[in-house]
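Take a look at the structure set out below.
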Amino acid sequence: MRIELLDSVDSTNRYIARYVPMRENVIVCAKKQTGGMGTKGRSFVSEEGGVYLTALLFYDLPAREAFRVMAHAAVSVCKTAREFGVEATIKWPNDVFAGGKKLCGILVENALSGERIDHSVVGIGVNVTNGLSAVSDVATSFRQLLSAPPTAEEVRDCLIRNLLQKTAFEEYMSFVGFLGRRVRIEEGGRTYFAVPQKVLPDGRLVVKTEEGETALSSAEMKL
């Protein structure tokens, strides 16, 4: 697989788009981003010292199995964190937490061809030694969690190795956190409390509410 290392870029997700016509699996990493992309159109703070990586991956995968792409990315991050001594867990659907705060964000954009996924753009941002003053109330980093944190380059290389390995859904479930805990759900303009029970293989979150159990496909979980 081609791996490209950049000093600075507006967004690794935007930059990697140039490789789509070549139909080649590529990983692009940058030391910093000036216009990092988060979920739901939010910006992603990307100061030097973090890992900012985007993978362009081509498959022949049924669209109904799209969650496998997200699950694999989240597992790769958790495995990487734990290799350095950080107990990371997955907060459904796309965040990796440690110490009660967000350690990593993941943004997946799937391109469909009929009923199948043609390719995915998987953006991953991991806080290592970068400053977090603007988001310190909700985010954490390897530097804050470890007395002797690794470098961004060490985390990057470990993450790439894990991304190149296969993962099973059972492995994903072993990293899912916050099950059985009362959380706030924001869904379709309404907010309510629920207790997450499990994640289904298609990515839906099963929660228990006062009305019974329901499976969520598009919602945001607040701790």
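Structural remarks
- Helices (runs of 4 or more DSSP H) contained in the range 137-223 and holding at least 3 residues closer than 26 Å to Thr80 by Cα and within 17 Å of the chain's Cα centre (by Cα): 152-163, 169-175
The rows are residues; the columns are (1) loosely packed, with under 14 Cβ neighbours inside 10 Å; (2) over 15 Å from the mean Cα position of the chain (by Cα); (3) not assigned by TED's automatic domain parsing to the domain that holds Glu170.
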{"residue": "Asp10", "(1), (2), (3)": "no, yes, no"}
{"residue": "Tyr15", "(1), (2), (3)": "no, yes, no"}
{"residue": "Met22", "(1), (2), (3)": "yes, yes, no"}
{"residue": "Ser76", "(1), (2), (3)": "no, no, no"}
{"residue": "Glu83", "(1), (2), (3)": "no, yes, no"}
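- Meets criteria (among the charged types (D, E, K, R) and touching a residue at least 40 places away in the same chain (Cβ under 8 Å)) for Glu115: yes
- Tallying residues that are within 29 Å of Ala55 (Cβ to Cβ) and of a type in the set (Gly, Ala, Ser) within the range 164-190 yields 3.
- Against the conditions (1) modelled with pLDDT of 95 or more; (2) within 30 Å of Leu61 (Cβ to Cβ), Ser147 satisfies every one except (2).
- Looking only at residues of the range 52-66 that are hydrophobic (A, V, I, L, M, F, W, C) and farther than 11 Å from Asn25 by Cα, we find that the one that is surrounded by the fewest Cβ atoms within 10 Å (Cβ to Cβ) is Ala63.
- Hey, Leu61 aliphatic (A, V, I, L, M), more than 17 Å from Ser174 (Cα to Cα), free of Cβ contacts under 8 Å to residues at least 60 places away in the same chain and in the same structural domain as Asn162 (by TED's automatic domain parsing) or not: yes
- Checked against the criterion of being of a type outside the set (A, V, I, L, M), surrounded by fewer than 15 Cβ atoms within 10 Å (Cβ to Cβ) and touching a helix residue (DSSP H, G or I) at 6+ places or on another chain (Cβ under 7 Å), the range 196-210 has at least one qualifying residue.
The values are calculated or read from the model by the stated rules, or taken from the named source; none is laboratory data. Only a predicted model underlies this, so the values are computations on that prediction, with no experimental measurement involved. Cβ atoms come from the backbone with ideal geometry, glycine included; neighbour counts cover every protein chain shown.
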